[in-house]
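Only one structure is covered here, and it is reproduced in the block below.
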Amino acid sequence: MKENKVLNGLMFLALDHGVDSVSEGGHLIPFALTKMTGKPDLTRIQVERVEDSRNVAIEIVLEKNLKMYAIAYDGYVTIKNKKFDAIIVEAGQRGEKKALKLRQRYVPKKSLRKFTKIGNPAYLGEVGNILSKGIKE
């Protein structure tokens, strides 16, 4: 996938917004950042089951004639058999077959425990690009 500074900016904007959303101890409401031209639009995804939020985000992305998107949700990653909370972001652009996926691990805020980011954002690899699912340009 070609380097794209605008897509990278959108991806890190989504990651930062996700981290900020959980830093005070709340839960992340999954969201989609979508970009046609100009500033990105943020759409929060409220569903009964958090597991359904990614599918709803995909539907939101597919409804619009976008140049690029980023979807963010709260999840987990396992490293060396240890499970961590993480904000996960998937971001893609029109014309590419693959999208990028990254995560930021964190320790959630609890009564006497502060919110803490663990390390730097990490690249999780490529995933299918929602915009390559047969959308007409």
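Remarks
- The stretch 71-118: proportion of alpha-carbon pairs further apart than 12 angstrom, %: 68
- Note on the chain: GNM, Cα springs under 10 Å; of V56, V19, V47, the largest mean-square fluctuation is that of V47.
- The stretch between E24 and N8, if pulled fully straight at 0.36 nm per residue, gains 3.2 nm over its current Cα-Cα span.
- log10 of Debye I(q)/I(0), alpha-carbon scatterers only, for the stretch 35-86 at 0.16 Å⁻¹: -0.59
- Counting only alpha carbon atoms, the long axis of helix 5-22 and the longest principal axis of the chain meet at about 30°.
- The share of accessible area on the stretch 4-137 that comes from carbon and sulfur is 51 percent, using a 1.4 angstrom probe.
- Alpha-carbon centroid distance for the pair the stretch 1-63 / the stretch 116-130, whole angstrom: 13
- Loop-located GluC sites (Glu not before Pro) in the stretch 1-99 (DSSP state not H, G, I, E or B) with no more than 14 neighbouring Cβ atoms inside 10 Å: E3, E24, E48.
- Solvent-accessible area per residue in the chain equals 61 Å², computed with a 1.4 angstrom probe and all protein chains kept.
- Subset of K39/K80; K39/K98; K39/K82; K5/K64; K35/K117; K80/K109 violating a 32 Å alpha-carbon distance limit: K39/K80; K39/K82
- Compactness of the chain - radius of gyration and Dmax, Cα, Å: 14.9, 52
- Percentage relative contact order, the chain, counting C-alpha pairs under 8 Å, at least six apart: 22
- Packing-based ranking, highest mean first, of 114-123, 29-38, 99-108 given that Cβ atoms within 10 Å are counted: 99-108, 29-38, 114-123
The values are calculated or read from the model by the stated rules, or taken from the named source; none is laboratory data. Everything numeric here is computed off the predicted structure, so don't read it as measured data. Because the Cβ atoms are built from the backbone with ideal geometry, glycine has one as well, and the counts that use them run over all protein chains shown. Only protein heavy atoms, including side chains, enter the accessible area calculation; ligands, DNA and RNA are left aside. Shrake-Rupley method; radii C 1.70, N 1.55, O 1.52, S 1.80 Å.
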